1. Does Glu8 fit the bill of being at pLDDT below 80 and either surrounded by 10 or more Cβ atoms within 10 Å (Cβ to Cβ) or within 17 Å of the chain's Cα centre (by Cα) (or both)?
2. Among the numbered criteria (1) surrounded by 12 or more Cβ atoms within 10 Å (Cβ to Cβ); (2) among the basic types (Lys, Arg); (3) modelled with pLDDT under 80, which one does Arg16 miss?
3. Among the candidates Ala63, Ala53, which residue alone is at pLDDT 90 or above, closer than 21 Å to Arg16 by Cβ and surrounded by 13 or more Cβ atoms within 10 Å (Cβ to Cβ)?
4. Just to be sure, is Ala25 over 12 Å from the mean Cα position of the chain (by Cα) and of a type in the set (A, V, I, L, M, F, W, C)?
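The values are calculated or read from the model by the stated rules, or taken from the named source; none is laboratory data. Only a predicted model underlies this, so the values are computations on that prediction, with no experimental measurement involved. Here the Cβ positions follow ideal geometry from the backbone for every residue, glycine too, while neighbour counts run over all protein chains shown.
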Amino acid sequence: MSERGDTESVDAAAFRRRRDDFLGAYDWAGIPSVAQDPRREQALVEAQRFQRAHYEAGLTGPAFPKCYGGQGLTEEDARISR
């Protein structure tokens, strides 16, 4: 536990693997080019899909407290996720 009392440390290597596995498995094919989507409407939908999947994988807001929708991890874990 950290001095804040609401975070827990995870194995840094395991967290990196989880992040890398997520990024490697994510379906990037849905992101249209500017020529295909000049107003970027579909790109917004795809960005939201990515953010939702990122959150569901436990990779969003790693150092934010759980009570605010974060993962409750340490600042070191947050640096790994960047």
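1. The answer is yes for Glu8.
2. Of everything listed in (1) surrounded by 12 or more Cβ atoms within 10 Å (Cβ to Cβ); (2) among the basic types (Lys, Arg); (3) modelled with pLDDT under 80, Arg16 misses just condition (3).
3. Exactly one of Ala63, Ala53 is at pLDDT 90 or above, closer than 21 Å to Arg16 by Cβ and surrounded by 13 or more Cβ atoms within 10 Å (Cβ to Cβ), namely Ala53.
4. Working: over 12 Å from the mean Cα position of the chain (by Cα): yes; of a type in the set (A, V, I, L, M, F, W, C): yes.
Criteria met by Ala25.
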